[in-house]
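J.: Please find one structure pasted underneath; my questions will follow.
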Amino acid sequence: MSLPGRLQETFSPEEVQFIVENQKIKIFPRITTSKKRGGDSSRNNNNNNTDNEDMSRWRMLTMDGRALENMIVMKSTEVTLWLALLLKQQSKCNIIIPEWLTIKGLDLMLQYEKRNIERFSALPWDWLVVSEILFKQAADDFNDPIYELRNRIQDLKEIRQMKVLQGLKNLNESHMQLDNLGLLEINELRPFIVRVMDKLRQIHASGIDTTETENQDYDDDNDIGMGTMISSDRDASSSIPPNAMSF
Amino acid sequence: MDVDIEDILAELNTDSTAVDYSGNNNPLSDIANTNVSTLYNSSYPDDKNIPTNKNPPGVRSNTKISAEQDYSSLMTLWRNERCSPELLPYPHHLMSRMLMRIQDQLERLEIISMDFMGQNSNTIDNSNKPINNNNMLPLLCMEAELERIKFIIRSYIRCRLSKIDKFSLYLRQIEQDSNLKSLDDLLSKDEMIYYQRHSEMILKLFNDTTLKHLPPELQAINDTTGTISMIDEPDWNKFVFIKVIGPNDKMLNSDPLLKKDSNNKFFYEVIIPELEEDVELFIDSIYVMRYNVIKNLLLDGKVILI
Amino acid sequence: MGYYDIDDMLTEGSEVPCKFLQDIPGLGYLENNPGKPIKANAKLMLPYWLAHILAAIDSIPLSEDSMAVDEEEEAVPFLEMSTPESFSQRVINAIKTDPKSLDLHSINPHFYELAIKWCAIYSAKDLAKVVSDLLLQRSQDINNFAYSMSTTNKNIDSIGSMSNNTDIKPHNLLASSSFLMTLDELEKQIYRTSHESYKDSKRWMFQNK
């Protein structure tokens, strides 16, 4: 198979991380890339320009490269997360920890989670992934002690997991609303939710008499032959007379 | 790679391969403003920021699509493809722009690294060691980025190929039922070749190993008249996770499908036919919903699969 | 579902109690009586795939072509299926009493799939409701179990530095295998895929630490 079975069912956590890494994050550059802007502005660059200066410039395909072109030491700018991590690795920047990923921010979320037993706090959809990545790769950029933050993330995870478990009691054949659930949370629940709901849907559909005469009970003897036959689009074996059999 | 860059490049006007590196204020956003203009051959939008997705095939507009926009469209398409039970239309134009840019970037990176090779007699090590020479940094980042793009394209194509394998008989049925055009929209040229060769080979294998030894009336592999159809169709009602995005132009008031509730929140109203149930899908909310119910919203880019 | 679905075929192998409504020559071998006819009112167990066709087969000419049913007033199907043991009142009662501790696998390893087929034939709404509730209730335990197994496994696998305390008590392996034994095949699949998924996430979280 060109795609492993498990990946046909859901994303791998690494792929979720990949998706999240396309998000923007703020950094403090430790280098200045902005230079000779006056010289450039008068020049009409084209593809044939193999000038060394030019060729070493940033030309990105997944983001607007201007932010990278114009980095100035300690002047905050916004880049995609994966790039921020790369720069960080090269000691070229510090990552500005997002507001919610502080003791204060997480405590607020925890409070909300505790007060509203039926709701999820409005953590960003990538909270679990971003926090894990930054703990690991940008530990020195935090002002708060990491273990304190980790504990809170863990608490949030658990309290939300409890709510998820409650919510799963309401799985049904129709639909569910899952606002504020993070992508990693969704992703790990996906196989369970989809499988159970798909099966509930099939069971429900099987119990429904989908004939057109459904609402008019036994109004006409003529229907017994044809009308009551098709009872499910799933299974053509439905061309079977309704030997009334009920529970 | 299953997509042949050469083919695509050959098709295009030679000028178009020269990615415009224009603009003093915006020197870095690639602009594909040549013959490649429509986003899609079908009405499937591949960019939420571009309102021209309804252009019929062949209509040329001068919409400029930045590399960044294309990439974000590709991410969405990849995620949609991975989550949807059926094979979604192939984004011909977007992919050709994407591959063109990759090709261009590759050449560019080669030139840059050759320059460095010339400068430093030492071989350059692009691994994770800190790079002292700041001039190397863009190269490192661009290479890393290219790997990410390649990954996403590979994964996207792999996912599509697995569906082409799975639904090869079903695709054949589509091919016969409707005109060939629809399959051309659904598959890329290379996918089409793959699909045709693959189903030929499978059929030959079935025939040689088993079918030819059976009586003729038992040789069918695509009989749909029995109790169970032999052709596997996508599970149209499969549950998928969706996020409601809204119209491409973000003009909530001008989308005729959007309704407002008492709190002035916008929603799409959908019907689950089997249950005769109306459901309100609010903008920015996440739902688990039957694929068939949201399929049209998905193709219009108003919801995405997550 | 689907033509080549092995679980679907196995489901159709489930035996259903049948009563023949007509004498059929030469069919006696079904009840170890080769060469003899099978008599009307003979009762025996037949696999679903055979039974449901024989139960249907004679009614088709009645509706489509009345000429085919010549002098005979009423066309009777070859046989009549009665409720399989899996859906008997006894089992239904057991389900209603304590769905979670039921050994569903011993009742029928393809309980849900057979139920879907049965409900579809007879439009058995009530049975469908019972079965839905059953799945919903049991799936909670399956999910808890899949989740907690993924944590215990990790604790076993890992260096031991992690103590991921969830509110679900880690089951020991003995309890786990006996729990899994009671699941029907569909439930096992649900367990397997959810477990894989949880384990995957945990692995990712762990390697990131």
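J.: Checking the conditions here, which among B:I149, B:I153 is more than 11 Å from every other protein chain (Cβ to nearest Cβ), under 30 Å from A:V79 (Cα atoms), of a type in the set (A, V, I, L, M, F, W, C) and surrounded by 15 or more Cβ atoms within 10 Å (Cβ to Cβ)?
T.: After applying the criteria, what remains is B:I153.
J.: Answer yes or no: is there a residue in the stretch A:133-150 that is under 25 Å from C:Q140 (Cα atoms), assigned to a helix (DSSP H, G or I) and at the interface with chain C (Cβ under 9 Å from one of its Cβ atoms).
T.: no
J.: With A:I117, A:I95 as the choices, which residue is more than 14 Å from chain C (Cβ to nearest Cβ), farther than 18 Å from B:I306 by Cα and modelled with pLDDT of 95 or more?
T.: It is A:I95.
J.: Just wondering, is there one or more residues in the stretch A:154-166 that are among the β-branched types (V, I, T) and in a loop (DSSP other than H, G, I, E, B)?
T.: no
J.: Against the conditions (1) at pLDDT 90 or above; (2) surrounded by fewer than 16 Cβ atoms within 10 Å (Cβ to Cβ); (3) over 22 Å from the mean Cα position of the chain (by Cα); (4) not in a loop (DSSP other than H, G, I, E, B), where does A:E78 fall short? Just the number, please.
T.: That leaves (3) as the condition not met.
Residue-wise test of (1) in a loop (DSSP other than H, G, I, E, B); (2) exposed (fewer than 13 other Cβ atoms within 10 Å of the Cβ); (3) not polar (S, T, N, Q).
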residue: C:Y3; (1), (2), (3): yes, no, yes
residue: C:D7; (1), (2), (3): no, no, yes
residue: C:T11; (1), (2), (3): no, no, no
residue: C:V16; (1), (2), (3): no, no, yes
residue: C:K19; (1), (2), (3): no, no, yes
residue: C:A40; (1), (2), (3): yes, no, yes
residue: C:L44; (1), (2), (3): no, no, yes
residue: C:A51; (1), (2), (3): no, no, yes
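J.: Here's something else I'd like to know. How do the pairs read when you match residues in the stretch C:186-200 that are within 7 Å of chain A (Cβ to nearest Cβ) and touching a residue at least 24 places away in the same chain (Cβ under 8 Å) with residues anywhere that are assigned to a helix (DSSP H, G or I) and of a type in the set (V, I, T), using Cβ under 6 Å and keeping only pairs 6 or more apart or on different chains?
T.: Close Cβ pairs (under 6 Å, with a partner that is assigned to a helix (DSSP H, G or I) and of a type in the set (V, I, T)) amount to C:I190/C:I142.
J.: Turning to a different aspect of this structure: In the list C:S106, C:S101, C:S132, which residue meets the criterion of being assigned to a loop (DSSP other than H, G, I, E, B) and either within 11 Å of chain A (Cβ to nearest Cβ) or at negative phi (or both)?
T.: From the options C:S106, C:S101, C:S132, the qualifying one is C:S101.
J.: When you go through B:F241, B:F267 one by one, which is the residue that is in contact (Cβ under 8 Å) with a residue 40 or more places away in the chain, among the aromatic types (F, W, Y) and touching a strand residue (DSSP E or B) at 6+ places or on another chain (Cβ under 8 Å)?
T.: On inspection, the qualifying residue turns out to be B:F241.
J.: Kindly check whether there is at least one residue in the stretch A:141-160 that is charged (D, E, K, R) and in contact with a strand residue (DSSP E or B) (Cβ under 6 Å, 6 or more places away or on another chain).
T.: Scanning the stretch A:141-160 turns up at least one residue that is charged (D, E, K, R) and in contact with a strand residue (DSSP E or B) (Cβ under 6 Å, 6 or more places away or on another chain).
J.: Just to confirm my filter: which helices (runs of 4 or more DSSP H) fall fully inside the stretch B:142-234 and include at least 3 residues that are of a type in the set (A, V, I, L, M, F, W, C)?
T.: Of the helices (runs of 4 or more DSSP H) lying wholly inside the stretch B:142-234, those with at least 3 residues that are of a type in the set (A, V, I, L, M, F, W, C) span B:168-177, B:189-209.
J.: Within the stretch B:278-300, count every residue that is at the interface with another protein chain (Cβ under 10 Å from one of its Cβ atoms) and either assigned to a strand (DSSP E or B) or under 23 Å from the mean Cα position of the chain (by Cα) (or both).
T.: Matching residues across the stretch B:278-300 total 12.
J.: Going through the stretch A:128-173 one residue at a time, which ones are basic (K, R) and within 30 Å of C:S132 (Cα to Cα)?
T.: Across the stretch A:128-173, the qualifying residues are A:K157, A:R160, A:K163, A:K169.
The values are calculated or read from the model by the stated rules, or taken from the named source; none is laboratory data. Since this is a predicted model, take the numbers as computed values, not measurements. Please note: Cβ atoms are built from the backbone with ideal geometry, for glycine as well, and neighbour counts cover all protein chains shown.
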